[in-house]
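For reference, the structure discussed in these notes is given below.
Just so it is clear, none of the values below were taken in a lab; they were calculated from the coordinates. Please read all numbers here as calculations on a predicted model, not as lab measurements.
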Amino acid sequence: MNHKKKRILSGMRPTGRLHLGNYVGALENWIELQKTYHSFHMVADWHMLTTAPETTKEIRENSIEVVIDWLSAGLDPEKSPLFVQSHVREHAELYLVFSMLITVARLQRNPTVKEQARDLGLEANMSFGHLGYPVLQAADILIYKADAVPVGEDQAPHVEICRELARRFNYVYREVFPEPETILTKFARLPGLDNKKMSKSMDNCIFLSDSPEAIQKKVMQAYTDPTRVRKTDPGHPEGCVVFAYHQKFDPDTLAQVKRDCKAGKLGCVEHKRQMAQRLIDELAQIRERRIYYENHRDEVKTIIAHGDSQAKKVAQETMTEVMEAMQMG
Ligand code: TRP
């Protein structure tokens, strides 16, 4: 392990197969960052319990699916450990210590947790663990003494809590933790096929594992401009799903295509056909590697076990330091 390189901790919940929104919103960024940082990539399986503690039976399998997508997209386990949070129990120990160093009122002010609770109708009976998950997240990050955390905007309030906890611990006991920076994802969220947020529960996703036929079919059915009846009607690229994909995956031709759409020269069907092909090409390599890993699940499990032990080594060292700083243990 190279200690001169700055460190990153990246985490994702194991919700199953990853979609294009996860790719653009997170994974693509991680792949770029692993070139310059020493990255730890974590499947946040304990975090799945925050909103659905009763449904655990798919978590293990989904964690493997996520790692398969990570590997297929280009995360390199030689460069950066890929591991599962609950395999490194030290996260829970540090979470316990941190839980004493933050007030309930502070946690209740977290806008992301508030919004999540509202969306899920959980406001009245939020669990203690749900309210406190940013504290677990702080433990995830600080147990590796990460210098930075790549996240989307919604997760930025949690990184702020993480920084506060680092400062608080360092002040109360002694200097152990860095204050990690937030690396905000550059690209705005990719819309789903229905122009709402791409989300598994909405059935509006293109998955990294989709076959070319499935991609073709989905893109042809995507939401476009409802005011455009004939091809010769002027189109409205703003708010069109196919344009959002175009902007991301074929930016060089965007200006021209926009002009043709507005002038009624490029019809939606033709544009969709082009975009479907572009996406099929873009995902070809990922799909190919995915087929390999799906057929070599034992290799994936070995990669995870190796990542677990690399992560555990660092986590144990940090916990020893933590207990020493607290004069405990
Ligand atoms: N809470 C994050 C999410 O919902 C997942 C996560 C858990 C995470 N621990 C993390 C992200 C640590 C970054 C760092 O997406």
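Could you work out the relative contact order of the chain, using alpha carbon pairs under 8 angstrom and six or more residues apart, expressed as a whole percent?
Numbers: 482 pairs, mean separation 75.1, N = 329.
Result for the chain is 23 percent.
When the chain is treated as a Gaussian network with alpha carbon springs shorter than 10 Å, the biggest mean-square fluctuation among 75, 208, 122 belongs to 122.
Restricting to Cα pairs below 8 Å that are 6+ residues apart, what does the relative contact order work out to for the stretch 210-290? Please round to a whole percent.
Details: 76 pairs, mean separation 32.2, N = 81.
Reported relative contact order: 40 percent.
Counting each DSSP H run of 4 or more residues in the chain as -39500 (n - 2.57), what helix-only mean residue ellipticity at 222 nm follows after dividing by all residues, to the nearest 500 deg cm²/dmol?
Details: 14 runs with 158 residues, N = 329.
It comes out at -14500 deg cm²/dmol, rounded to the nearest 500.
Quick check: from the Cα gyration tensor, does the chain come out rounded (a/c under 1.5), prolate or oblate? Provide the component values of the computation, followed by the final result.
Values: a/c = 2.21, a/b = 1.78, b/c = 1.24.
Verdict is prolate for the chain.
Under a 5 Å amide H to amide H cut-off, with H placed in plane at 1.01 Å, what residues pair with residue 183 once short-range neighbours are removed? Correct list: 149, 151.
The C-alpha atoms of the chain define a longest principal axis, and helix 297-325 lies at about 40 degrees to it. The angle between the Cα long axis of helix 156-172 and the longest principal axis of the Cα atoms of the chain comes to about 10 degrees, rounded to the nearest 10.
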